[in-house]
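*Asks:* Here it is: the structure, laid out below.
The values are calculated or read from the model by the stated rules, or taken from the named source; none is laboratory data. If you're wondering where the values come from, they're calculated on a predicted model, not measured in any experiment. Here the Cβ positions follow ideal geometry from the backbone for every residue, glycine too, while neighbour counts run over all protein chains shown.
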Amino acid sequence: MIRWFAKNDIASNLLLVAIVLAGLYTAFNKISLEVEPSHEIGEVEINMRFRGASPQDVQEHIVKPIERTLRDLPGVKLIDSKARTGSANIDVEAEEGVDLRELRDEVETRIGAINTFPGETERPEVHIPNTSNWREVLTVAITGELSETELYKTARRIENELLNLPEISRTDMRGNQPLEISIEADDQKLSDYGLSFEDLVGAVRRSSLALSAGSLRTPVGSIMIRTDGQAYTQDDFAKIVVTAADGAQIRIGDLATIKDGFEDAQMMTRFNGKPAIMIDVLRAEDENAIKISDAVHRYIDQTSDFLPSGVGVSAWDDESIRIRGRLSTLGNSLLMGAGLVLLVLGLFLRPMLAFWVVIGIPISFAGGVLLMPYFGLTANTMSIFAFIIVLGIVVDDAIITGENIYTKLREDLTPLDAAVLGTKEVATPVTFGAITTIVAFIPLSYFPGFWSAWTSQIPPIVASVLVFSLIESKLILPSHLKHLSTNRRRMSSFARFQKWVADSLERGINKFYRPALALASKHRYTTICIFFALAMAGLGYHRSGAIGFVDMPKVERYRISAYLSMIDNTPFEETEKQITFITDCAEELKRELIDPGTGKSLVRNIMASAGASRWGGAGDPEQGFSSLEIMPPSERSEPGPTNAEIAKMWQDKIGEIKNVSYLKVSGEWGSRKRGREELNSLSVELRGPDSDEKRVIAEEIELLFEAQDGIQGAHANNQRQREEFAITLKPRALELGITQRELAQQIRQAFYGEEAQRLQRDGEEIRVMVRLPKEKRESMFTFENLTIQSPNGSVIPFSTVATANLQKAPGTIESLDGAQVSYINAQPENKEVKIMEMAERLGPEISQIVAERQDISWVWAGYVKEQRETDNRYTWLYSLLILTLFALLAIPFKSLLQPFIVLLAVPFGVIGAYAGHVILDITPSYLSIFGIMALTGVVVNDSLVLVDFINQKRREGMDVEEAVRISGVRRFRPIFLTSITTFAGLMPLMFDRAIHAQFLKPMAVSLGFGILFATAITLFLIPTAYLALEDLKGLFRPIWRWYAKPFKEEEEVQILASK
């Protein structure tokens, strides 16, 4: 096939054009653009509402039945449950390799078979969490000093208009409460009329309805019949008749106050000091994040002038700014890297040879793009980064093939034979080199948890690009290189300069490298010892901890946030007060931080929320946060303070706040996250039944954490207890025919309320609730005047039939696989705190605290647990990678010893990778480790080519030492060029100071500097190690012959006997 394409120029060119056109079509029509790679969390999530229920009731009536039915479900790793006031959340974590959709279907089936859920519960929501559902492209803030209803109507209208835009299909409104019609009954009037809450509920259900009653057939056609009594408005419900007697009617409006508004929950959201509702604009699978952002900004610009007076619309937290910056950074790095690769090859190879080698880049990239949809990949930060990683690697096979073809052209061969022979001669090392590189990247697809979504983007692209690179170098490149002229008579100025550079390289090889290699070969054991000493020094420096390590590089965001959690039972008003204070401090910063060139504040917008840990989340009166939107550095006249410095200034202004369990100000992105929960804290999971003893242990561990240097604060969530009234029947109640169920139902109707019906109005679902007025629902004295209706209709004071005792109860109940758990979390002060070392040191002390209690155990959770899992997975994957590379090298060499020579480049590549981090002052992270893993497959390629060439020369009958020296000299240029082009391709990214580049730099540095350093190893250590191996083989050969001699003699005797 190589010969056929080499002599058929039209076929090779048509193949080239077909690949490029297919790649372009796919890029513009099949690949969507997103900020970060979206992915499914490896679990099935169950959410179920039990409105008004306490956490104990939720645990008993929802969580435990679901846990029991799912306990023996195959493919389940663990069940993590949380019972909160009014709701249950259950995460069913799946084993690796389990089909999540099949698991979801089985979970739905089993939950659907449970028939013991209370009647007040709602249908369970079962879904597979996907990050695309909470990673909005940007948020639209609707602000105004309006009533809550008017602001909501305005926000709903804007949301509908956004959804009418062709670029937008998904939005999510947050910062508002669901609509509700509340019928607040006067209990005294009900008592006077001998009525109950149940009577009001029944009246609504009987009278507020619309039913179709069939049709009437007439000579002119069918006429539909429909009863239309559905109440929709406040006045409609007020007119509903509850009872009638003797011509008199008592209506709901006579007995209750009707409010058409929102659910009664305490939450506040403000944007730049004004009440606000936020609309998240999300991206569907086939939508483009940049187009969505542009459409929203056009809408805001066009709509602002037509809004009601006092209403404002603003964009907040526009993630497209990040992806624009990253695309720009990556695009520039790609173009600059390609330019540097072309420049390097143009200087050291013939310009036309360099041109055809570089042409392989767009061809291979087009092939990689062509296959992206088949791997389910989008254009995002990591997938684009994968193309930069492979930029310098992709030309390696073309360099080796092209350089060998050019060498053959200078010999007495026809152009076609030179092209075919030159390609075939290096086909084995080039093919196996590409395979080893692909294999080295494959483990990145198998890291657990958070990392999987990021690293799994890289291997498919690298593999696709390298496969098409092999196709290009075998089927397209030879047909073009056969036309190269080797006897140039007329030369341009650049051609003469290029020839001088190339000849200078050749002279340098012969003048410096040849004698240096001869000297190293002569003193081979000294050379090996020197390299071994260098390796030990590098290992010692790394083990000393001087170089440091972080889980992820800290990258500044365009947002700085202060997250607040007050102590248990803090009223909403206090939380709101503290959030307001934190926001006022932010306003001071906004006035102080001015960009001198533009005169604008570095703080663009401020958003605050109380009653939720993140606006729009579940109501929690003890939680709140405030966020600043920062002017991007690209728009500033000077760099100004970093996010960390601004966060420190804000923290200093806030100072100490009383009754706070947790306060964190952060402006850096870099912690690993599961959903939106940060996992970079020190977290202990305490298992065992809830008890005072368990709370004491939690307090001791909390104090232990707080005593450590570098810990900002610690908090044990088992302390989150709330007060509740426990209602107990008196003996007199049973005499009156009142049961516990009837009592509980009437009390629930009074305080939480009873849902009379749900109706659809203007496309929205609205609950109609019957309950006591708000002021009575918030007063403990209500029990003194509350009346209970007996089965015979008589009204009895509550105090006659029951008692209400105030007691403590947990605010949240968490369990893992049915066992109750508590968490103690400690936040580090900054990224310099070495959490893993602290965990190793504190582990024995925690074990000693817990050891005295029989039924309580503990494990590390969160960051420590995930990092240990990642470390363990890395160890296994790296070991498997080395074994796989060994097998792949043993096949072409047909030897079990020579692969060890090639693999010698690996540890020195690692040394080079860490040296690059030291030189550029970058703290290694897991991305550095992933780069080192990928580096393993790349650094062996040059060694593979060199050892294969030595073997070829030996098969031709050349002496081993001569073969080593000749091979080193002959392979110097392709080895040098493959290494320098890989480094050049990554160099623009490695030295980029833009914010967008910082996240990706560690992996690029590992690859770039590792390959550069390994080149020197390849050129000196590999040849000397080859000779040393031959010396050892020569030493043991006589011993082997002596050992094998008796077996050979016996074999000869048997052969003679058979004759």
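*Asks:* Out of all the residues in region 115-131, is one or more part of a helix (DSSP H, G or I) and loosely packed, with under 15 Cβ neighbours inside 10 Å?
*Replies:* Of region 115-131, the ones part of a helix (DSSP H, G or I) are 131.
Imposing the further condition that a residue be loosely packed, with under 15 Cβ neighbours inside 10 Å reduces the set to none.
No - not one qualifying residue is present in region 115-131.
*Asks:* Tell me, which helices (runs of 4 or more DSSP H) wholly within region 859-939 include 3 or more residues that are assigned by TED's automatic domain parsing to the domain that holds Gln952 and under 27 Å from the mean Cα position of the chain (by Cα)?
*Replies:* Values: elements: 862-893, 898-903, 905-919.
The qualifying helices (runs of 4 or more DSSP H) are 905-919.
*Asks:* Being in a strand (DSSP E or B) and not aliphatic (A, V, I, L, M) is the filter here; which residues of region 212-231 pass it? Working first, answer last.
*Replies:* At the first step, the residues of region 212-231 found to be in a strand (DSSP E or B) are 212-218, 221-228.
Across region 212-231, the qualifying residues are Ser212, Gly214, Ser215, Arg217, Thr218, Gly221, Ser222, Arg226, Thr227, Asp228.
*Asks:* Can we say Thr69 is assigned to a helix (DSSP H, G or I) and closer than 22 Å to Thr381 by Cα? Working first, answer last.
*Replies:* On the way: assigned to a helix (DSSP H, G or I): yes; closer than 22 Å to Thr381 by Cα: no.
For Thr69, the condition - assigned to a helix (DSSP H, G or I) and closer than 22 Å to Thr381 by Cα - is not met.
*Asks:* Let me ask something else about it. Looking at region 26-53, which of the residues that are among the charged types (D, E, K, R) and closer than 28 Å to Glu108 by Cβ is nearest to the chain's Cα centre (by Cα)? Walk me through it before giving the result.
*Replies:* Start the filter on region 26-53 by keeping residues that are among the charged types (D, E, K, R), which leaves 30, 34, 36, 40, 43, 45, 49, 51.
Subset that is closer than 28 Å to Glu108 by Cβ: 40, 43, 45, 49, 51.
On the way: Glu40: 10, Glu43: 15, Glu45: 17, Arg49: 28, Arg51: 32 Å.
Filtering region 26-53 for residues that are among the charged types (D, E, K, R) and closer than 28 Å to Glu108 by Cβ, the one nearest to the chain's Cα centre (by Cα) comes out as Glu40.
*Asks:* Residue check, Ser304 against (1) in contact with an Asp or Glu (Cβ under 7 Å, 6 or more places away or on another chain); (2) surrounded by fewer than 19 Cβ atoms within 10 Å (Cβ to Cβ), all met but one. Which one?
*Replies:* Unmet condition: (1).
*Asks:* A follow-up question, please. Kindly indicate which of Gly310, Gly331, Gly337, Gly253 is at positive phi and either at pLDDT 90 or above or outside the structural domain of Phe581 (by TED's automatic domain parsing) (or both).
*Replies:* Values: Gly331 fails: at positive phi; Gly337 fails: at positive phi; Gly253 fails: at positive phi.
Only one candidate qualifies: Gly310.
*Asks:* Test each condition in (1) over 26 Å from the mean Cα position of the chain (by Cα); (2) crowded, with 17+ Cβ neighbours inside 10 Å; (3) more than 30 Å from Gly86 (Cα to Cα) for Pro596 and report the one that comes out false.
*Replies:* The single condition Pro596 does not satisfy is (2).
*Asks:* Sticking with this structure for a sec: Scan region 322-350 and report the pairs whose first residue is surrounded by fewer than 19 Cβ atoms within 10 Å (Cβ to Cβ) and whose second residue is outside any helix (DSSP H, G or I), with Cβ atoms within less than 7 Å and a gap of 6+ or a chain change.
*Replies:* Every condition considered, the pairs that remain are Gly325/Ala994.
*Asks:* Here's something else I'd like to know. Is there any pair with a first residue in region 932-944 that is closer than 11 Å to Ile438 by Cβ and a second that is among the polar types (S, T, N, Q) and in a helix (DSSP H, G or I) whose Cβ atoms are under 9 Å apart and which are 6 or more apart or on different chains, and what are they?
*Replies:* Between residues of region 932-944 that are closer than 11 Å to Ile438 by Cβ and residues that are among the polar types (S, T, N, Q) and in a helix (DSSP H, G or I), the close pairs are Ala934/Thr437; Ala934/Ser1006; Gly937/Thr436; Gly937/Thr437; Val938/Thr436; Val938/Thr437; Val938/Thr982.
*Asks:* Looking at Gly862, Gly811, Gly843, Gly818, which is the one that is out of contact with any helix residue (DSSP H, G or I) (no Cβ under 7 Å at 6 or more places or on another chain) and under 30 Å from His61 (Cβ atoms)?
*Replies:* Working: Gly811 fails: out of contact with any helix residue (DSSP H, G or I) (no Cβ under 7 Å at 6 or more places or on another chain); Gly843 fails: under 30 Å from His61 (Cβ atoms); Gly818 fails: out of contact with any helix residue (DSSP H, G or I) (no Cβ under 7 Å at 6 or more places or on another chain).
After applying the criteria, what remains is Gly862.
*Asks:* I've got another one for you. For region 373-386, give me the residue count where each residue is outside any helix (DSSP H, G or I) and either over 23 Å from the mean Cα position of the chain (by Cα) or among the aliphatic types (A, V, I, L, M) (or both). Working first, answer last.
*Replies:* Of region 373-386, the ones outside any helix (DSSP H, G or I) are 376-380.
From what is left, the residues that are either over 23 Å from the mean Cα position of the chain (by Cα) or among the aliphatic types (A, V, I, L, M) (or both) are 377, 379.
The number of residues fulfilling the criteria is 2.
*Asks:* Still on this structure: Note down all Cβ pairs under 7 Å where the first residue falls in region 749-763 and is in contact (Cβ under 8 Å) with a residue 12 or more places away in the chain and assigned by TED's automatic domain parsing to the domain that holds Lys776, the second is surrounded by fewer than 17 Cβ atoms within 10 Å (Cβ to Cβ) and among the polar types (S, T, N, Q), and they're at least six residues apart or on different chains.
*Replies:* Qualifying pairs under 7 Å: Leu759/Gln230.
*Asks:* With under 41 Å from the mean Cα position of the chain (by Cα) and not polar (S, T, N, Q) as the only criterion, which of Leu353, Leu349, Leu370 stands out? Can you show your working first?
*Replies:* Values: Leu353 fails: under 41 Å from the mean Cα position of the chain (by Cα); Leu349 fails: under 41 Å from the mean Cα position of the chain (by Cα).
The conditions single out Leu370.
*Asks:* Could you check Ala726 against (1) under 40 Å from the mean Cα position of the chain (by Cα); (2) part of a strand (DSSP E or B) and say which number it fails?
*Replies:* If we test Ala726 against (1) under 40 Å from the mean Cα position of the chain (by Cα); (2) part of a strand (DSSP E or B), just (1) comes out false.
*Asks:* Here's a follow-up. Quick check, is Asp105 free of Cβ contacts under 8 Å to residues at least 40 places away in the same chain, assigned to a helix (DSSP H, G or I) and of a type in the set (D, E, K, R)? First the steps, then the outcome.
*Replies:* Numbers: free of Cβ contacts under 8 Å to residues at least 40 places away in the same chain: yes; assigned to a helix (DSSP H, G or I): yes; of a type in the set (D, E, K, R): yes.
Here the answer is yes, as Asp105 does meet what is asked.
*Asks:* Please pick out the residue among Val35, Val44 that is under 30 Å from Ala289 (Cα atoms), modelled with pLDDT under 90 and crowded, with 20+ Cβ neighbours inside 10 Å.
*Replies:* Details: Val44 fails: modelled with pLDDT under 90.
Going through Val35, Val44 in turn, the sole match is Val35.
*Asks:* Please determine, by comparing only the residues of region 530-546 that are surrounded by 14 or more Cβ atoms within 10 Å (Cβ to Cβ) and more than 17 Å from Ala1016 (Cα to Cα), which one is modelled with the lowest pLDDT.
*Replies:* Across region 530-546, the extreme among qualifying residues is His542.
*Asks:* Which condition does Arg84 not pass, out of (1) more than 30 Å from Glu96 (Cβ to Cβ); (2) crowded, with 19+ Cβ neighbours inside 10 Å; (3) among the basic types (Lys, Arg), if it passes all the others?
*Replies:* (1)
*Asks:* Does Gly247 satisfy the condition of being surrounded by fewer than 16 Cβ atoms within 10 Å (Cβ to Cβ), out of contact with any Asp or Glu (no Cβ under 6 Å at 6 or more places or on another chain) and more than 30 Å from Tyr193 (Cβ to Cβ)? Spell out how you get there, then give the answer.
*Replies:* Details: surrounded by fewer than 16 Cβ atoms within 10 Å (Cβ to Cβ): yes; out of contact with any Asp or Glu (no Cβ under 6 Å at 6 or more places or on another chain): yes; more than 30 Å from Tyr193 (Cβ to Cβ): no.
Considered against the rule, which asks whether it is surrounded by fewer than 16 Cβ atoms within 10 Å (Cβ to Cβ), out of contact with any Asp or Glu (no Cβ under 6 Å at 6 or more places or on another chain) and more than 30 Å from Tyr193 (Cβ to Cβ), Gly247 comes out as no.
*Asks:* Please go through region 940-970 and pick out each residue that is assigned to a helix (DSSP H, G or I), among the hydrophobic types (A, V, I, L, M, F, W, C) and more than 48 Å from the chain's Cα centre (by Cα). Even if it seems obvious, please write down each step before you answer.
*Replies:* Step one: list which residues in region 940-970 are assigned to a helix (DSSP H, G or I), which gives 940-955, 960-970.
Now drop any that are not among the hydrophobic types (A, V, I, L, M, F, W, C), which leaves 940, 944-947, 949-950, 960, 963-964, 966, 969.
Answer for region 940-970, where residues must be assigned to a helix (DSSP H, G or I), among the hydrophobic types (A, V, I, L, M, F, W, C) and more than 48 Å from the chain's Cα centre (by Cα): Val960, Ala963, Val964, Ile966.
*Asks:* Residues of region 586-610 being in a loop (DSSP other than H, G, I, E, B) and either farther than 18 Å from Gln651 by Cβ or out of contact with any helix residue (DSSP H, G or I) (no Cβ under 9 Å at 6 or more places or on another chain) (or both), which ones? Walk me through how you get there before you give the answer.
*Replies:* Within region 586-610, the subset in a loop (DSSP other than H, G, I, E, B) is 593, 595-600, 602.
Passing the criteria: Asp595, Pro596, Gly597, Thr598, Gly599, Lys600.
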